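Everything below concerns the one structure shown next.
The values are calculated or read from the model by the stated rules, or taken from the named source; none is laboratory data. Computed from a predicted structure; not experimentally measured. With ideal geometry, Cβ positions are generated from the backbone for all residues, glycine too; neighbour counts draw on all protein chains shown.
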Amino acid sequence: MNMGEKFTILSSNHESYAINGLIEFRYKATLFDTKDLITLLFQDKNKMLKIYNFSYSFSEVTNFKEVDEEISEINKTAAGTVGGAILGTVVAGPFGALVGGMAGGNKKKDKKKSSTFAIEFNNKEWVMFKLKNNLSNRIHIKNFELHFPQFFAEEKKQENPFQ
């Protein structure tokens, strides 16, 4: 069976869920595999040495959706300012340090995106987990859309018949 990547569970309504839970999606990889599985692993809140392991088939999923999207901006300036000042000092002395520091101080903003997903099973238990926006996780999201199309289908826009 194809072992999937594990993601940290942010919250759950399971009565024994404590912290540090993990969710893993396993997709059929060969003809001999019979099920796609979602595995939940978490520590019991009452017994710290007890670990629960629950498996659900994909057919037991009753809801799966993105519930939050977070975009954070990161400003990058310090390294460029210091580097420009050092290079300016080497090339043109104190005046070069001033010019180099100003030139190197251009602000650059990086955006980092992450998405929080919620998944509910037919026994009414649910978990929420977060994926950062990177290539590996975009592939996971495409797999979610492929295996759970009923939950990821976009609403079809109704065309205006009067245009």
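Of all residues in segment 1-47, count the ones that are part of a loop (DSSP other than H, G, I, E, B) and either loosely packed, with under 14 Cβ neighbours inside 10 Å or modelled with pLDDT of 70 or more (or both).
23
Based on what the data block shows, is Ala85 out of contact with any Ser or Thr (no Cβ under 9 Å at 6 or more places or on another chain), among the hydrophobic types (A, V, I, L, M, F, W, C) and at pLDDT below 60?
yes
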